Amino acid sequence: MHSDDAPTVYLNGHPGPTSPLTRALEHDLATLVAFDPVTSSTPLLMRRMADPTEMALLHMITHDPARTPTLTYFANDDFFITAATSVTACTPLSACSKEQPGFNWNHGDFQRSITHTWLALVGPHVRTLGESGAIFSDHTDVRPTLMQLTQLRDDYAHDGRVLVEVLDAPDAQHDTLSRLGAAYKAINAPLGELARRTLMISTRALSGDDATYSALEAQIASLTTQRNAIAGRMIALIEAAEFEHASIDEHEANELIEAAYGLIAAQSPAAQ
């Protein structure tokens, strides 16, 4: 594993997701507690877990299979987990925890206190809006927005979209493009609503029994296939409108928006 607030874990020999060794480790990791030297308490360390099935939905799988971890362990954001070269019993438990004043905060986890950051855009053709938290965006939206502002083009499709809401001179299809972009981010962004819900489902799968694991993993895999199909059509429309000045088919856009939010709604809190 690597040292992080949300470390990726690699089992030697790369056993599969259904291997008894993998499943035993997931169950053990789900029950870990740690000593908090600030509060003198022993909180549960695990908050979320994802194996390759969920990581595929979260866009965490590369083209190099050797880089795919056995699982990602999203921990309590009050802790930074450090990999050790040797195993030492934590007796007492406080022996394995210490306060690190050198860390201002953590990174790499899913909690809002870590992931909610800011982006400032200033310049020609950028509206003067002031501070706003109304628009969801992430790193992938920065490049296409800058390319639009500079009237340049990439030779590949972007994973993000132009933040049309902050630009001057919206065209006649501005509202449709904005709604389509918001729905696209909701199902495709790693911190979008769909991903946040499936991460909870994944946690139930990995910490549950084998029957629960199989059923929920199949659900996530099917959902990823559906999401990819919808998101692929969405980004094609978005890119064509943003960089080729193509008109958006309103019927198709509304159909895709409805399908996206339907996908999210189907992952109800009751099922998590």
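Here Met55, Met60, Met49 are screened, and the one residue that is assigned to a loop (DSSP other than H, G, I, E, B) and under 19 Å from Leu199 (Cβ atoms) is Met60. Mind telling me which of the residues Phe103, Phe79 ends up being surrounded by 10 or more Cβ atoms within 10 Å (Cβ to Cβ), closer than 14 Å to Asp4 by Cβ, at pLDDT below 90 and not aliphatic (A, V, I, L, M)? Being surrounded by 10 or more Cβ atoms within 10 Å (Cβ to Cβ), closer than 14 Å to Asp4 by Cβ, at pLDDT below 90 and not aliphatic (A, V, I, L, M) holds for just one of Phe103, Phe79, which is Phe103. Scanning region 159-174 for residues that are farther than 23 Å from Asp249 by Cβ and loosely packed, with under 13 Cβ neighbours inside 10 Å returns a single hit, Asp168. Within region 8-60, the set of residues being buried (at least 18 other Cβ atoms within 10 Å of the Cβ), touching a helix residue (DSSP H, G or I) at 6+ places or on another chain (Cβ under 8 Å) and polar (S, T, N, Q) comprises just one member, Thr53. Starting from region 206-227, take each residue that is more than 24 Å from Asp159 (Cα to Cα) and list its partners that are among the aliphatic types (A, V, I, L, M) and not in a helix (DSSP H, G or I), counting only C-beta distances under 8 angstrom and pairs at least six apart or across chains. So the pair list comes out as Leu206/Met49; Leu206/Ala50; Leu206/Leu71; Ser207/Met46; Ser207/Met49.
Considering only residues in region 106-136 that are exposed (fewer than 10 other Cβ atoms within 10 Å of the Cβ) and on the phi > 0 side of the Ramachandran plot, the one that is modelled with the lowest pLDDT turns out to be Gly130. Of all residues in region 181-221, those satisfying the criterion of being surrounded by fewer than 21 Cβ atoms within 10 Å (Cβ to Cβ), closer than 25 Å to Pro20 by Cβ and small (Gly, Ala, Ser) are Ser207, Gly208, Ala211, Ser214, Ala215, Ala218, Ala221. Go through the residues of region 25-44 one by one and say whether even a single one is outside any strand (DSSP E or B) and within 24 Å of Asp138 (Cβ to Cβ). No, that holds for no residue.
Helices (runs of 4 or more DSSP H) fully within region 137-247 that include at least 1 residues being at pLDDT below 95: 142-150, 174-188, 210-243. Ile235 falls short of the stated requirement of being more than 21 Å from Thr140 (Cβ to Cβ) and either among the aliphatic types (A, V, I, L, M) or surrounded by fewer than 16 Cβ atoms within 10 Å (Cβ to Cβ) (or both). Against the definition (under 21 Å from the mean Cα position of the chain (by Cα) and either of a type in the set (D, E, K, R) or not assigned by TED's automatic domain parsing to the domain that holds Thr150 (or both)), how does Glu217 come out, yes or no? Yes; evaluated as a whole, the condition is true for this residue.
Of all residues in region 148-190, those satisfying the criterion of being under 20 Å from Gly262 (Cβ atoms) and either of a type in the set (Phe, Trp, Tyr) or within 16 Å of the chain's Cα centre (by Cα) (or both) are Ala182, Ala183, Tyr184, Lys185, Ala186, Ile187, Asn188, Ala189.
Selection over region 59-118 of residues that are closer than 30 Å to Lys185 by Cβ and of a type in the set (S, T, N, Q) gives a count of 11.
Among the residues making up region 139-158, a single one is of a type in the set (D, E, K, R) and crowded, with 17+ Cβ neighbours inside 10 Å: Asp141.
Being in contact (Cβ under 8 Å) with a residue 24 or more places away in the chain and either surrounded by fewer than 19 Cβ atoms within 10 Å (Cβ to Cβ) or not polar (S, T, N, Q) (or both): is that true of Pro65 here? So Pro65 does not fit the description; no.
Here Gly123 clears all of (1) touching a His at 6+ places or on another chain (Cβ under 8 Å); (2) assigned by TED's automatic domain parsing to the domain that holds Ala221 except the condition numbered (1).
The values are calculated or read from the model by the stated rules, or taken from the named source; none is laboratory data. All values reported here derive from a predicted model rather than from experimental measurement. Note: ideal-geometry Cβ built from the backbone for every residue, glycine included; neighbour counts use all protein chains shown.
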